[in-house]
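Only one structure is covered here, and it is reproduced in the block below.
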Amino acid sequence: MLNRNHLAPFTCVYMRVVLLSILTGVHLCCFAQHDSITFIEPIEVVAPKSLENTLLSHELLISADPNRSVADQLQLQTGVYVRSQGPGALQTISYKGMGAMHINVDLNGLSLQSSMNGIMDLSLLNSYHFGAVHFGEQQKRGAGRQNLGASIQLRPTAFEQRAFFVSLASNSNKSLGFKWGAKQIQASVLSTWGPNHVNLESYGGNGRLTNTAFNAHSAVIQAYDSLGRWLWKPLLRLQYSDREIPSGLNSVEDGVQEDINIMLSNSFLSEVGANWNFSFTSGLWREQINYSSEKRNQSFTSISYNFNHQFNAIRQIGKRWRFWIGIGQDGTQYSSEALLETVFWNRFKSNIALEKKKGAGVFSLNAQVQEYNRRLVNGFDLRYKYTLQNHRWVIRMAKVNRLPTLNELYWYEPGFAMGNQDLEAEMGYRLDLFYQFDYKSFSININPFIGMYERMIQWIGFPVIEATNQREILARGAIVKLSQKISLGNENLLIESNHQFQKSQINDPKHDHYQKQLIFTPEYSGNLRIHWYRDVLNLYVNGLYISKNYITGGNEQFIDPYFLLEAGGSVSIWNLRLGLRLENVLNQAYFSFPQRPNLPRTIHLNLTYKINNNDKSIP
């Protein structure tokens with residue numbers, strides 16, 4: 001088979017793009033003036049007060065139970081819908097009308113989206129390792145895959161934290177964790193294991209769900225140091241899990257999956273002279289998935305080696321102008337029993353961005369070119385922010401792209417599924433409006449959005465399915481967030497409410513499912529959460545509602561709406577912190593994936609012992 005994405009030198013057309021980018025940067029810099037500069041960040045769409053309350057909320061929830069998946073943490077904080085294929089199994093989300101294939105996960109300037117299948121299984125990321133988890137916009141100057149939708153931003157844990165952690169849940173799951181930190185290095189290690197018992201009484205059955213046992217181990221080590229003019233920020237992420245794929249109510253599964261990830265990222269930042277900033281991010285990532293099932297007569301091992309690099313040069317021009325140029329490379333080697341041969345890709349990209357300040361407004365334009373199949377795929381991101389006292393407006397227009405994944409291109413499973421090397425890149429146009437109002441401890445964020453996407457890849461056919469560019473999608477809706485903090489002496493109350501309205505439909509009149517809602521994309525999801533806390537005590541209650549969720553393309557079948565209630569808290573005595581979380585307080589029988597029961601009422605009890613902890617955050 002001819003592999004058109006083999007590692008190869010720059011194509012001639014791409015060299016011209018890079019050369020043009022460099023010459024344009026040199027030309028502008030020749031006319032630059034000298035002014036002081038700090039490291040430049042793009043226009044943020046999250047208001048400072050909103051982000052401050054988000055970080056506070058994260059700390060309060062983590063203090064009650066540090067052992068949550070990133071998906072569970074996002075659902076508690078934002079009311080977003082989480083699609084779970086059973087306890088301990090695959091977790092993905094839907095946000096702004098887009099699914100897991102189109103939402104990036106960013107850590108330390110590097111995308112964690114799998115080059116194999118395009119999905120980051122959020123059950124494999126634990127909030128224990130991160131200082132904050134929240135939604136944001138993709139940073140075009142980051143390393144790794146770019147995408148159509150928004151981005152999940154992971155912030156590493158703050159330095160100088162030292163603590164032991166142990167937990168026990170009523171479904172017999174157990175966890176042990178340890179954090180150790182000094183001024184320039186921080187490490188966190190977590191192990192979770194157990195049978196993951198799910199009693200079927202509330203689902204009208206007897207006994208327990210089968211094939212649910214799992215064990216997961218992970219570590220994140222981060223550091224920083226000065227190397228001459230450069231600030232060096234390395235991060236190492238290790239992850240191993242061995243889990244059974246849970247059965248359904250009317251099916252018995254015997255599948256077992258191992259996930260092994262080793263990722264090393266290095267970020268280098270430098271300020272040269274008065275007006276120059278440079279940054280370089282390098283990511284090396286080995287991803288391995290082992291799957292076996294006697295019932296399905298399947299067994300395969302898939303391994304990818306990913307090499308991602310991004311270099312940015314940023315120039316201050318006078319007091320109002322900023323210019324940056326970036327060059328990146330994403331390389332992967334992929335082997336699997338489900339491929340005819342080991343395959344490679346080597347994709348290059350280039351960015352040019354310009355920012356201008358005028359009065360209370362800031363304008364920015366980012367243009368990007370990516371190489372794919374010896375062709376150029378272009379995109380842009382145009383933003384304008386205006387701030388007036390407590391009001392903040394941002395308008396964002398963008399042309400976005402997603403390049404096909406390795407499985408979409410090369411999967412080879414005769415009689416069942418075939419990749420397609422002729423796939424085109426997915427493409428779309430997005431418009432976002434952001435309005436944010438802050439007054440003292442109150443914040444409201446309103447984000448209407450609309451997106452039109454073409455050439456969306458889907459697997460279709462019978463009896464053999466094949467990846468094809470087919471669907472056109474129109475996604476629109478609004479994200480609304482309100483937060484209020486009230487303080488009376490030592491007593492504090494934080495109230496947050498999140499609402500997501502999304503209509504995401506097939507937009508091709510010739511398609512059989514024209515104007516039908518996409519599957520696993522509920523039209524509404526939202527939550528209301530109330531925190532009460534003081535010096536050593538923290539209590540919260542959270543209500544979550546997910547609307548009707550279609551599971552067939554014609555919208556004939558759907559999952560019923562459900563409401564979940566959760567409560568928890570923590571108390572600190574000396575260096576000890578005792579945390580308690582009651583999951584699914586009302587013992588609600590519910591599904592986020594057909595026939596795959598979720599946890600009934602479950603009690604999570606944990607104890608944290610702090611060792612010389614200098615962290616001043618909420619206990």
Legend entry - Total residues in the stretch 404-419, condition outside any loop (DSSP other than H, G, I, E, B) and open to solvent by less than 50 Å² (accessible area, probe 1.4 Å): 7
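Okay, residues lined up against (1) touching a residue at least 60 places away in the same chain (Cβ under 8 Å); (2) surrounded by 19 or more Cβ atoms within 10 Å (Cβ to Cβ):
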residue: F178; (1), (2): no, no
residue: Q186; (1), (2): no, yes
residue: G228; (1), (2): no, no
residue: L235; (1), (2): yes, yes
residue: L249; (1), (2): yes, no
residue: V252; (1), (2): no, no
Inset, instruction - Would you be able to tell me the number of residues in the stretch 598-615 that are touching a Phe, Trp or Tyr at 6+ places or on another chain (Cβ under 7 Å), open to solvent by less than 40 Å² (accessible area, probe 1.4 Å) and either among the basic types (K, R) or closer than 29 Å to R162 by Cβ (or both)? - result: 2
Inset, instruction - Tell me, yes or no, whether the stretch 292-308 has at least one residue that is out of contact with any Asp or Glu (no Cβ under 8 Å at 6 or more places or on another chain), farther than 22 Å from N147 by Cα, free of Cβ contacts under 8 Å to residues at least 60 places away in the same chain and small (G, A, S). - result: yes
Inset, instruction - Just need a number here: residues in the stretch 220-245 that are in contact with a Ser or Thr (Cβ under 7 Å, 6 or more places away or on another chain) and within 17 Å of Q161 (Cα to Cα). - result: 2
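Go through the stretch 272-297 and report how many residues are β-branched (V, I, T), modelled with pLDDT of 90 or more and more than 30 Å from E244 (Cβ to Cβ). Show your work before the answer.
Start the filter on the stretch 272-297 by keeping residues that are β-branched (V, I, T), which leaves 272, 281, 289.
Now drop any that are not modelled with pLDDT of 90 or more, which leaves 281, 289.
Next, only the ones that are more than 30 Å from E244 (Cβ to Cβ) stay: 281.
The number of residues fulfilling the criteria is 1.
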Legend entry - Among residues of the stretch 254-275, those that are free of Cβ contacts under 8 Å to residues at least 40 places away in the same chain, more than 20 Å from L406 (Cα to Cα) and not β-branched (V, I, T), counted: 2
Legend entry - Within the stretch 265-281, tally of residues that are aliphatic (A, V, I, L, M) and either in contact with a Gly (Cβ under 7 Å, 6 or more places away or on another chain) or crowded, with 17+ Cβ neighbours inside 10 Å (or both): 1
Legend entry - Some residue of the stretch 226-239 being closer than 29 Å to L582 by Cα and outside any loop (DSSP other than H, G, I, E, B): yes
Inset, instruction - Quick one: in the stretch 246-271, of everything that is out of contact with any Ser or Thr (no Cβ under 6 Å at 6 or more places or on another chain) and closer than 21 Å to P156 by Cβ, which residue is modelled with the lowest pLDDT? - result: S270
Inset, instruction - Inspect the stretch 220-231 for any residue being more than 24 Å from the chain's Cα centre (by Cα), at pLDDT 90 or above and not acidic (D, E) and give the result as yes or no. - result: yes
Legend entry - Segments classed as strands (runs of 3 or more DSSP E), wholly inside the stretch 509-619, with at least 1 members that are farther than 27 Å from N498 by Cα: 562-573, 576-583, 602-610
Legend entry - Residues (open to solvent by 50 Å² or more (accessible area, probe 1.4 Å) and within 24 Å of Y240 (Cα to Cα)) located in the stretch 298-338: Q298, S299, Y305, F307, Q333, E337
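Check Q595, Q517 and return the single one that is in contact (Cβ under 8 Å) with a residue 60 or more places away in the chain and either farther than 26 Å from N67 by Cα or open to solvent by 50 Å² or more (accessible area, probe 1.4 Å) (or both).
It is Q595.
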Legend entry - Complete set of residues in the stretch 194-211 that are in contact with a Ser or Thr (Cβ under 8 Å, 6 or more places away or on another chain) and either at negative phi or outside any loop (DSSP other than H, G, I, E, B) (or both): G194, P195, H197, V198, L209, T210
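Could you tell me which of the residues N507, N587 is surrounded by fewer than 16 Cβ atoms within 10 Å (Cβ to Cβ) and either among the polar types (S, T, N, Q) or on the phi > 0 side of the Ramachandran plot (or both)?
Working: N507 fails: surrounded by fewer than 16 Cβ atoms within 10 Å (Cβ to Cβ).
Exactly one of N507, N587 is surrounded by fewer than 16 Cβ atoms within 10 Å (Cβ to Cβ) and either among the polar types (S, T, N, Q) or on the phi > 0 side of the Ramachandran plot (or both), namely N587.
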Inset, instruction - Kindly list the number of the only condition in (1) in contact (Cβ under 8 Å) with a residue 60 or more places away in the chain; (2) within 30 Å of Y609 (Cβ to Cβ); (3) open to solvent by less than 10 Å² (accessible area, probe 1.4 Å); (4) not small (G, A, S) that fails for N147. - result: (2)
Legend entry - Criterion: in contact with a Phe, Trp or Tyr (Cβ under 8 Å, 6 or more places away or on another chain) and farther than 29 Å from N312 by Cβ - qualifying residue of N250, N261, N173: N173
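Within the stretch 487-500, is even one residue more than 27 Å from L409 (Cβ to Cβ), without any contact (Cβ under 8 Å) to a residue 24 or more places away in the chain and not in a loop (DSSP other than H, G, I, E, B)?
First, pick out the residues of the stretch 487-500 that are more than 27 Å from L409 (Cβ to Cβ): 487-500.
Checking the rest, the ones that are also without any contact (Cβ under 8 Å) to a residue 24 or more places away in the chain come to 488-489.
Retained after the next criterion (residues that are not in a loop (DSSP other than H, G, I, E, B)): 488.
Yes, the stretch 487-500 contains a residue that is more than 27 Å from L409 (Cβ to Cβ), without any contact (Cβ under 8 Å) to a residue 24 or more places away in the chain and not in a loop (DSSP other than H, G, I, E, B).
In the list F311, F323, F300, which residue meets the criterion of being at pLDDT 90 or above and within 27 Å of the chain's Cα centre (by Cα)? I'd like the intermediate steps shown before the answer.
On the way: F323 fails: within 27 Å of the chain's Cα centre (by Cα); F300 fails: at pLDDT 90 or above.
Answer to the check: F311.
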Legend entry - Condition check for D422: acidic (D, E) and open to solvent by less than 40 Å² (accessible area, probe 1.4 Å): no
Inset, instruction - Find the strands (runs of 3 or more DSSP E) located wholly in the stretch 107-191 whose residues include 3 or more that are modelled with pLDDT of 90 or more and within 27 Å of G579 (Cβ to Cβ), and list them. - result: 163-169, 174-181
Inset, instruction - With the condition kept exactly as written, say whether any residue in the stretch 370-388 is touching a Ser or Thr at 6+ places or on another chain (Cβ under 9 Å), small (G, A, S) and at pLDDT 90 or above. - result: no
Inset, instruction - Among the candidates I573, I530, single out the residue that is surrounded by fewer than 19 Cβ atoms within 10 Å (Cβ to Cβ), modelled with pLDDT under 95, β-branched (V, I, T) and farther than 25 Å from S202 by Cα. - result: I573
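For (1) open to solvent by less than 20 Å² (accessible area, probe 1.4 Å); (2) aliphatic (A, V, I, L, M), each residue gets a yes or a no:
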{"site": "S84", "(1), (2)": "yes, no"}
{"site": "G88", "(1), (2)": "no, no"}
{"site": "Y95", "(1), (2)": "no, no"}
{"site": "G99", "(1), (2)": "no, no"}
{"site": "N108", "(1), (2)": "no, no"}
{"site": "N117", "(1), (2)": "no, no"}
{"site": "S123", "(1), (2)": "no, no"}
{"site": "S127", "(1), (2)": "yes, no"}
{"site": "A132", "(1), (2)": "yes, yes"}
Inset, instruction - Determine, yes or no, whether E341 is surrounded by fewer than 21 Cβ atoms within 10 Å (Cβ to Cβ) and either without any contact (Cβ under 8 Å) to a residue 60 or more places away in the chain or charged (D, E, K, R) (or both). - result: yes
Inset, instruction - Could you run through the stretch 42-86 and say how many residues are touching a His at 6+ places or on another chain (Cβ under 9 Å), at pLDDT below 75 and assigned to a loop (DSSP other than H, G, I, E, B)? - result: 1
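The values are calculated or read from the model by the stated rules, or taken from the named source; none is laboratory data. The shown structure was predicted, so the numbers you read here are calculated from the model rather than taken from an experiment. For neighbour counting, all protein chains shown are included, and Cβ atoms are generated from backbone atoms with ideal geometry for every residue, glycine included. When the accessible area is computed, the model is the full protein with side chains, heavy atoms only, and any ligands, DNA or RNA have been set aside. Shrake-Rupley method; radii C 1.70, N 1.55, O 1.52, S 1.80 Å.
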